[in-house]
Amino acid sequence: MHYSFDIERGNFADAGQASSSVKRLLKQLGVAPPNIKRTVVALFEAEINAIAHAYGGKIDVDIDDGKIVMVVADQGPGIPNLDLAMQEGWSTASPQVREMGYGAGMGLPNIRKNTDELKIDTEVGVGTTVTMTVYFA
Ligand SMILES: Nc1ncnc2c1ncn2[C@@H]1O[C@H](COP(=O)(O)OP(=O)(O)OP(=O)(O)O)[C@@H](O)[C@H]1O
Ligand SMILES: [Mg+2]
């Protein structure tokens, strides 16, 4: 099954819609709660990053019997130093983003912890694509 969601530029109010929808879908499919939790945590962090650090984009989700693959692709500044970005506590979040409670520098480390496979393709000045896989077995 394939699903896609738009991530609207700057729309913090609606952030988390994709992860909520995916949560509902996985519940209906009878996926084990710990796997639903891992999936939703990772997708939420990636979704927020596309709004907080980029200009929105698109989410594509593929679910089959044994796994979910989530691709969050944004148009944005890209990530100049991925090693730094993956470090716990490292953040370039703006004061406005911090006021909304984000910017602890924990999103990408959390994505890594909660997924079985993580691939980040990023190009400075173009955008970032985060591909996350969670196995249900
Ligand atoms: N989609 C993205 N586009 C551009 N830069 C990004 C993107 N995602 C992450 N980054 C960069 O990587 C840094 C670390 O991201 P991470 O999600 O770990 O922390 P954060 O978003 O700053 O804070 P938190 O996720 O804890 O609210 C960000 O501050 C930003 O510099
Ligand atoms: Mg983040």
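Can we say Arg24 is in contact (Cβ under 8 Å) with a residue 24 or more places away in the chain and outside any loop (DSSP other than H, G, I, E, B)?
On the way: in contact (Cβ under 8 Å) with a residue 24 or more places away in the chain: no; outside any loop (DSSP other than H, G, I, E, B): yes.
Taking the combined requirement at face value, the residue does not satisfy it.
Which condition number in (1) away from ligand 1 (no atom under 15 Å from the Cβ); (2) of a type in the set (Ser, Thr, Tyr); (3) under 19 Å from Asn11 (Cβ atoms) is the one that Thr39 fails?
With respect to (1) away from ligand 1 (no atom under 15 Å from the Cβ); (2) of a type in the set (Ser, Thr, Tyr); (3) under 19 Å from Asn11 (Cβ atoms), Thr39 is out only on (3).
If I ask for residues that are away from ligand 2 (no atom under 16 Å from the Cβ) and either on the phi > 0 side of the Ramachandran plot or charged (D, E, K, R) (or both), which ones from segment 48-82 would you list?
Lys58, Asp60, Asp62, Asp64, Asp65, Lys67, listed by residue number.
Residue pairs, Cβ under 7 Å, 6 or more apart or interchain, first in segment 43-62 and touching a residue at least 60 places away in the same chain (Cβ under 8 Å), second within 10 Å of ligand 1 (Cβ to nearest atom) and in a helix (DSSP H, G or I). List them.
Sorted first by the residue in segment 43-62, then by its partner, the pairs are Glu45/Gly107; Glu45/Asn110; Glu45/Ile111; Ala46/Ile111; Asn49/Gly107; Gly57/Ala50.
When both residues are 6+ apart or on different chains and their Cβ atoms are under 6 Å apart, which pairs have a first residue that lies in segment 85-113 and is of a type in the set (Ser, Thr, Tyr), and a second that is assigned to a loop (DSSP other than H, G, I, E, B) and within 7 Å of ligand 1 (Cβ to nearest atom)?
Every condition considered, the pairs that remain are Ser91/Gly103; Ser91/Gly105; Tyr102/Ala93.
Within segment 65-86, can you find the residues that are within 8 Å of ligand 1 (Cβ to nearest atom) and either crowded, with 17+ Cβ neighbours inside 10 Å or part of a loop (DSSP other than H, G, I, E, B) (or both)?
The answer is Val72, Asp74, Gly76, Pro77, Gly78, Ile79, Ala85, Met86.
Could you tell me which numbered condition Asn114 fails, if it satisfies all but one of (1) within 15 Å of ligand 2 (Cβ to nearest atom); (2) closer than 24 Å to Gln28 by Cα; (3) surrounded by fewer than 17 Cβ atoms within 10 Å (Cβ to Cβ)?
(3)
The numbers here are math on the coordinates, done by the rules we state, and not lab data. Everything numeric here is computed off the predicted structure, so don't read it as measured data. Neighbour counts are summed over all protein chains in view; Cβ atoms, including those assigned to glycine, are modelled from backbone coordinates with ideal geometry.
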